[in-house]
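The values are calculated or read from the model by the stated rules, or taken from the named source; none is laboratory data. Just so you know, these numbers come straight off a predicted model, no measurement behind them. Glycine also receives a Cβ, built like all others from the backbone with ideal geometry; neighbour counts cover every protein chain displayed.
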């Protein structure tokens, strides 16, 4: 009978997958993710892709907010930069789509670090307000640029000269199907990168800054350098999310990247769990599925009870607000903590104290 | 020159409204260190409830105004008790997010009743133009400015002279010291929130009265209050007033003198915000806080 997790060597304690069950769980999850696109219909595939993109951006934000403790209300703006860079490069410069994505990441990282400069002097809510201003300024710059409020159309993706929409292998194909692989490979890469980041010197410095920045500085962490690095890393990942979103949707519109988007991603990491990579993924699943479920209820009620169906959009916003409030009041550490509690309960049963 | 005077007057009224909204904001921050992202949504609640009572229920405007203020007080107390009190001692991001969640909830409630379409607000203030130094201003704008000025004076007197006002300042200064002097900090928090809700509801009604009942325009004021409070200093009441007037004037002058297709007036407060944060993070009148490990 287990009474907890105890390691006898340092190597075991520092390993990424610390228990055999963990390894099996990851293998099962990967098998599930590989089978999923072959058995699901177009709608669930679209949802899965949305979850994947949301998870990428949420992990990006979590690097900055959850791990480094710098609150950012500018995720929408940074994602917009990734999306527009990728879209413009593909539409006007004729650069192949797969090359635009790393470009977009780098540009977003640079812009992110520029807006990260005030973080040396500002912390807490002052920084949050500064990033809010960054969001508004980026949005204004996009709307007043030659692009204006019109949607930017991204040329359809081609692989080996065939358009992705037409490419079919053994009956499977379509834009959602192919993007599923792109999105989930990227998400896998981002997860591996982030999880490992916090086992390195840089990641440890981020966490030290979050826990107590003055103490970190005293211990030799160069605050300015590491805060900027955190902004850059976080924006890089957020830009990746934006660029993939642009290529996937085929059209970029600023309305997708307003302050509401920034709030959405903050909600994802709050509900998932601040400072937790797996939490970001749980949060993304939760926050994408809840409105989708409400929409489906609305559609089901649409014929029988149109009065109630009319209220669904408002209910969606109310539920969004209410979930944030309830999570913060009752489980501030989010879904990741709930999942950990459930696991501990079973691991330690029947002596769960 | 006429244009200049005209813009100055418009800017002053806009600034007065900003000041009123910022006042509630500063009050909450001073008393409880909470930054309230739902301040703009309190404006919406006030404007739409008054609209509903006057137009849809058919009450006279004085009664409606009174009822709206009662709703504001109740809203402030309920929000403080059930949303903010569990957040005491939580990190800043939780506090920020909980008010954002509140904002989303309030918005959903308002839109589920009234939608997001612009509506004609029943103007109970006189609107005939008044001439001042060669420029004409609608009377309701002048009245709004007067109302705001009177409210601001009342608040300053309240904080300097009344028992509750002084207790509130004491709480803002040091919660533990206030507690040990027999001040009920919980009551002070509830009071701060209700006063903030009352100022916001009044501001909402005034805005709806001098322009129209527009969901987007009113909720945008909630965002524009950030440059105001940062410029003035988050914990300074005179700062809120002066910041409000400066941002109001700046926005109106920029809107009046730069090409309108740039829409520079909507972004200029945020550019000022960034500059202020870089140069003088605690604003013009804010108290500088020294941090210890």
Worksheet item: When residue A:274 is evaluated against the numbered criteria (1) more than 23 Å from residue A:81 (Cα to Cα); (2) away from every other protein chain (no Cβ under 12 Å); (3) in contact (Cβ under 8 Å) with a residue 60 or more places away in the chain, which criterion, by number, is the only one it fails?
Response: (2)
Discussion item. Going by what's in this entry, would residue A:310 be described as touching a helix residue (DSSP H, G or I) at 6+ places or on another chain (Cβ under 9 Å) and more than 12 Å from chain B (Cβ to nearest Cβ)?
Written reply: no
Fill in: Residue within the stretch B:242-254 that is within 12 Å of chain A (Cβ to nearest Cβ), within 15 Å of the chain's Cα centre (by Cα) and within 20 Å of residue B:145 (Cα to Cα) present
no
Discussion item. When you check residue B:127 against the structure, is it modelled with pLDDT under 85 and touching a helix residue (DSSP H, G or I) at 6+ places or on another chain (Cβ under 6 Å), yes or no?
Written reply: yes
Discussion item. Against the conditions (1) more than 30 Å from residue B:91 (Cβ to Cβ); (2) in contact (Cβ under 8 Å) with a residue 40 or more places away in the chain, where does residue A:310 fall short? Just the number, please.
Written reply: (2)
Worksheet item: Taking into account only those residues within the stretch B:255-274 that are more than 10 Å from chain A (Cβ to nearest Cβ) and outside any helix (DSSP H, G or I), which is surrounded by the most Cβ atoms within 10 Å (Cβ to Cβ)?
Response: B:258
Worksheet item: In the list B:151, B:142, which residue meets the criterion of being surrounded by 13 or more Cβ atoms within 10 Å (Cβ to Cβ), part of a helix (DSSP H, G or I), touching a residue at least 24 places away in the same chain (Cβ under 8 Å) and in contact with a strand residue (DSSP E or B) (Cβ under 7 Å, 6 or more places away or on another chain)?
Response: B:142
Item to complete: Taking the residues in the stretch B:104-122 that are under 19 Å from the mean Cα position of the chain (by Cα) and at the interface with chain A (Cβ under 7 Å from one of its Cβ atoms) as candidates, determine which candidate is farthest from residue A:328 (Cα to Cα).
Response: B:107
Worksheet, complete the sentence: Here the qualifying pairs (Cβ atoms under 8 Å; residues six or more apart or on different chains; first in the stretch B:78-103 and at the interface with another protein chain (Cβ under 7 Å from one of its Cβ atoms); second surrounded by fewer than 20 Cβ atoms within 10 Å (Cβ to Cβ) and not in a helix (DSSP H, G or I)) come out as B:90/A:332; B:92/A:124; B:94/A:332
Discussion item. Please determine whether any residue of the stretch B:24-32 is within 10 Å of another protein chain (Cβ to nearest Cβ) and either surrounded by fewer than 19 Cβ atoms within 10 Å (Cβ to Cβ) or under 22 Å from residue A:72 (Cα atoms) (or both).
Written reply: yes
Response to the item:
If we keep only residues of the stretch B:121-138 that are in contact (Cβ under 8 Å) with a residue 40 or more places away in the chain and touching a strand residue (DSSP E or B) at 6+ places or on another chain (Cβ under 7 Å), then the residue farthest from residue A:260 (Cα to Cα) is B:136
Practice prompt. Answer yes or no as to whether residue A:137 is farther than 17 Å from residue A:251 by Cα and surrounded by fewer than 22 Cβ atoms within 10 Å (Cβ to Cβ).
Written response: yes
Worksheet item: Only one residue in A:293, A:297, A:285 is assigned to a helix (DSSP H, G or I), surrounded by fewer than 24 Cβ atoms within 10 Å (Cβ to Cβ) and out of contact with any helix residue (DSSP H, G or I) (no Cβ under 8 Å at 6 or more places or on another chain), so which one is that?
Response: A:293
Fill in: Selection count where residues are under 17 Å from residue B:168 (Cβ atoms) and not in a helix (DSSP H, G or I), scope the stretch B:233-254
3
Fill in: Residue identified as touching a strand residue (DSSP E or B) at 6+ places or on another chain (Cβ under 7 Å) and either at positive phi or surrounded by 21 or more Cβ atoms within 10 Å (Cβ to Cβ) (or both) among A:76, A:66, A:87
A:87
Item to complete: Give me a count of the residues in the stretch A:204-231 that are surrounded by 20 or more Cβ atoms within 10 Å (Cβ to Cβ) and either closer than 13 Å to residue A:86 by Cα or away from every other protein chain (no Cβ under 14 Å) (or both).
Response: 6
Worksheet item: Residues of the stretch A:117-148 being part of a loop (DSSP other than H, G, I, E, B), touching a residue at least 24 places away in the same chain (Cβ under 8 Å) and either away from every other protein chain (no Cβ under 11 Å) or within 20 Å of residue A:239 (Cα to Cα) (or both), which ones?
Response: A:147
Discussion item. Could you tell me how many of the residues in the stretch A:208-233 are free of Cβ contacts under 8 Å to residues at least 12 places away in the same chain and assigned to a helix (DSSP H, G or I)?
Written reply: 6
